[in-house]
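Student: Pasting in a structure now, in structure tokens, and then I'll have a few things to ask.
Laboratory data are not the source of any read-out in this text; all were calculated from the coordinates shown. Note that the structure is predicted; figures quoted are calculated from it, not measured. Cβ placement follows ideal geometry from the backbone for every residue including glycine, while neighbour counts extend to all protein chains displayed.
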Amino acid sequence: MDKIIIKGMKFFAHHGLMAKEKKEGQDFIVDIRMNVDTIEAGKSDEIVDTVDYHGIYKRVKKVMEGESLNLLETLAARIAAEVLESPKVIDVTVRVRKPDPPISGEMRWVGVEVTRCRSKQK
């Protein structure tokens, strides 16, 4: 299966359990890996035969900048559901990371990765 990857989308948003996270916001990094059949696109060189990256970015942005959520798990699941609205996407893996989590201790980031399939969405 072919893959389309969008890596390192950065958003400033207000998700998290702590009141400070919801009030002040923080950076999030989102990576998307989609399984897509690109055979027709490879032949036609037409956008209608594949996934529009800009459209996927807009779907991710809508979730990231929308309703404030408590959990990264919920955020990743909602992004996955949005991406699966694109008819060419067979399944998607979404990774959402907080590069500066409100946790005492040294770490590069915390995050969640979920994989969702079109057949399980219905």
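Student: When you go through VAL30, VAL51, VAL94 one by one, which is the residue that is touching a strand residue (DSSP E or B) at 6+ places or on another chain (Cβ under 9 Å), part of a loop (DSSP other than H, G, I, E, B) and in contact (Cβ under 8 Å) with a residue 40 or more places away in the chain? Walk me through how you get there before you give the answer.
Tutor: Details: VAL30 fails: part of a loop (DSSP other than H, G, I, E, B); VAL94 fails: part of a loop (DSSP other than H, G, I, E, B).
The unique qualifying residue is VAL51.
Student: I would also like to ask the following. Looking only at segment 77-99, which residues are β-branched (Val, Ile, Thr) and buried (at least 19 other Cβ atoms within 10 Å of the Cβ)?
Tutor: Result: ILE79, VAL83, VAL89, VAL92, VAL94, VAL96.
Student: Which residues, taken from segment 57-83, are aliphatic (A, V, I, L, M), part of a helix (DSSP H, G or I) and either free of Cβ contacts under 8 Å to residues at least 40 places away in the same chain or more than 14 Å from PHE11 (Cα to Cα) (or both)? Even if it seems obvious, please write down each step before you answer.
Tutor: At the first step, the residues of segment 57-83 found to be aliphatic (A, V, I, L, M) are 60, 63-64, 69, 71-72, 75-77, 79-81, 83.
Filter once more, so that each one left must be part of a helix (DSSP H, G or I): 60, 63-64, 72, 75-77, 79-81, 83.
Result: VAL63, ALA76, ALA77, ALA80, ALA81, VAL83.
Student: Still on this structure, I have one more. State whether the residues of segment 49-68 include one that is closer than 14 Å to ILE6 by Cα, surrounded by 19 or more Cβ atoms within 10 Å (Cβ to Cβ), out of contact with any helix residue (DSSP H, G or I) (no Cβ under 8 Å at 6 or more places or on another chain) and β-branched (Val, Ile, Thr).
Tutor: Scanning segment 49-68, I find at least one residue that is closer than 14 Å to ILE6 by Cα, surrounded by 19 or more Cβ atoms within 10 Å (Cβ to Cβ), out of contact with any helix residue (DSSP H, G or I) (no Cβ under 8 Å at 6 or more places or on another chain) and β-branched (Val, Ile, Thr), so the answer is yes.
Student: Related question: Could you check segment 5-27 and list, in sequence order, the residues that are surrounded by fewer than 15 Cβ atoms within 10 Å (Cβ to Cβ) and touching a residue at least 40 places away in the same chain (Cβ under 8 Å)? Reasoning before the result, please.
Tutor: At the first step, the residues of segment 5-27 found to be surrounded by fewer than 15 Cβ atoms within 10 Å (Cβ to Cβ) are 5, 7-8, 10, 12, 17-20, 23-24, 27.
Passing the criteria: LEU17, MET18, LYS20, ASP27.
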